[in-house]
Amino acid sequence: MPKKTSANKEKTSAPKKAKPFPVPSFLRELLDAKAPTGHEFEAQAVCDKFVKNYADEYRGDVLGNRIATLNPKAKTSVMFAGHIDELGLQISYVDDRGFLYFNLLGGHDLIIPSGRRVLILSKKGVVRGVTGKRAVHLLSAAERAKVPETHEMWIDIGARSREEALARVDIGDPAVYDEALEILDGSVAVARAFDDRAGCYVAMEAFRRLARIEKLGVRVDAVATTQEEIGTRGAQTAAQDLNPTVGIAIDVTHATDHPDADNRKFGRVSLSGGPVICRGPNINPLVFDKLVAAAKRIGVPYQLEADARPTGTDARVIQMANGGVAAGLISVPLRYMHTPGEVVDLAVVDQCVQLLVAFTTSVEPGESFAW
């Protein structure tokens, strides 16, 4: 009997990766925008480009929000809020050797910043740098067990003196991590700022789709909010100004289908399980019921999330505007929040758009959400 050779062996093929999900240009450009909190210029420009021409009214305000309105004369109104700011760094000090020290914009896990490529947004243009700290070889055993404090890290831009560095950057310049959108497999993608460009996209894309409806019964105000990461500041002033009947925040929430996520503590949320509808004291119960009914009506899968306190989203301030607003919260499941490698399922992002459109078209003129 002839000896088997590699040519005789049964051929096996590696499993094929799913076809990449088509990323809408609007979402891609939002994710490409460098817009740390308080410096949202690039994200504002993307909203201007893709939304302004769909609106009956369109404006910015003194906090940098972008506000698009449909059917402005209707008395019953629905406000969407998705924030456009992201985490970042801010140059606070330059030493004599040209190394830059920084403050944190938003809530960072301090194990994340060191060893990262960053883009500093200087008035003179983008300046590339890398965050540094003392190498592990130069740390004592006790120091290796300790998370570095902010003042123990710096940004290296290759400058050789304070004067050379300050010729390229200024105190107060913001910076973001240098990470771009990539498809991991099929519709699962990774990017630097899905929190909350995904939510901003949902709000504004739903607005664009509603603009195609000839007879819209309610006013719609879609707001790309600023400074959420440091206290939901843009949403607070926008909600006070617009005084909507209903206010829906669209943000991200923690997908808990990964290792080391105890569902007993954090609930069960799947990355690809559909939009997450929040329930709790921050949420108007009639709005919650209407969101669930809308999901069932159009056949979009949905997940539930319980939050026993004011949520860490724009919904917390929308609810308390003026005499009170009927608030709701739709979230995109996300892994690895507040890191440069946030992961979402883009198919779920589009499902959130569908849900928001279906909810809004179900709101009747004059409908009350008092309970």
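The values are calculated or read from the model by the stated rules, or taken from the named source; none is laboratory data. These figures come from a predicted structure and were not determined experimentally. Here the Cβ positions follow ideal geometry from the backbone for every residue, glycine too, while neighbour counts run over all protein chains shown. The accessibility values were calculated without ligands, DNA or RNA, using every heavy atom of the protein model including side chains. Shrake-Rupley method; radii C 1.70, N 1.55, O 1.52, S 1.80 Å.
Just to verify a number: FRET efficiency for Ser272 and Asp56, C-beta to C-beta distance, R0 = 45 Å, to 0.05?
0.80
Report, in cubic angstrom per residue, the convex hull volume of the C-alpha atoms of region 215-330.
124 Å³
Using only the Cα atoms of the chain, what do you get for the radius of gyration and for Dmax, in Å?
23.1, 89
Percent of accessible area on region 228-371 owned by carbon and sulfur, 1.4 Å probe?
Ligands and nucleic acids excluded, carbon and sulfur give 50 percent.
Can you give the charge dipole size of the chain about its Cα centre, rounded to the nearest 20 debye, using +1 on the beta carbon of Lys and Arg and -1 on the beta carbon of Asp and Glu?
Here the chain has a charge dipole of around 1240 debye.
Tell me the Rg and the Dmax, in Å, that the Cα atoms of region 22-130 produce.
Gyration radius and largest Cα-Cα distance of region 22-130: 17.7, 61 Å.
Quick one: grab Rg to one decimal and Dmax as a whole number for region 192-249, Cα atoms only, in Å.
Cα-based Rg and Dmax for region 192-249 come out at 12.6, 38 Å.
Give me the dipole magnitude in Debye, nearest 20, for region 211-281 about the Cα centre, with unit charges on the beta carbon: positive for Lys and Arg, negative for Asp and Glu.
280 debye
Looking at the chain, what % of its DSSP beta bridges pair antiparallel, to the nearest 5?
Expressed as a percentage, antiparallel bridges in the chain total about 60.
How much of Trp154 can a 1.4 Å solvent probe reach, expressed as accessible area in Å² and rounded to 10?
Rounded to the nearest 10, that gives 60 Å².
How much of the accessible area of region 99-212, in percent, comes from carbon and sulfur atoms when a 1.4 Å probe is used?
52 percent
With all protein chains present, how much of the accessible area of region 14-67 (probe radius 1.4 Å) comes from carbon and sulfur, to the nearest whole percent?
Ligands and nucleic acids excluded, carbon and sulfur reach 54 percent.
Got a number for the accessible area of Arg297? Probe 1.4 Å, square angstrom, nearest 10.
140 Å²
If region 261-306 were replaced by its equivalent ellipsoid, with semi-axes equal to the square roots of 5 times the Cα gyration tensor eigenvalues, what would those be, largest first, whole Å?
20, 15, 5
Using only C-alpha atoms and all pairs of different ones, pull out the Kirkwood radius for region 75-158 in Å with one decimal.
Kirkwood radius, region 75-158: 15.0 Å.
Toward the positive end of the charge dipole of region 248-371, about the Cα centre and with charges on Cβ (Lys, Arg +1; Asp, Glu -1), which of Gly274, Pro310, Ser362 goes farthest?
Value computed over the given set: Pro310.
When ligands, DNA and RNA are left out and all protein chains stay put, how many square angstrom of accessible area per residue does region 302-348 have with a 1.4 Å probe?
37 Å²
Over region 27-147, what relative contact order in percent results from Cα pairs under 8 Å that are six or more residues apart?
16 percent
Only four residue types carry charge here, +1 at the Cβ of Lys and Arg and -1 at the Cβ of Asp and Glu. Report the dipole size of region 55-106 about the Cα centre in Debye, rounded to the nearest 20.
Values: 5 positive and 7 negative charges, 67 e Å.
Here the size comes out at about 320 debye.
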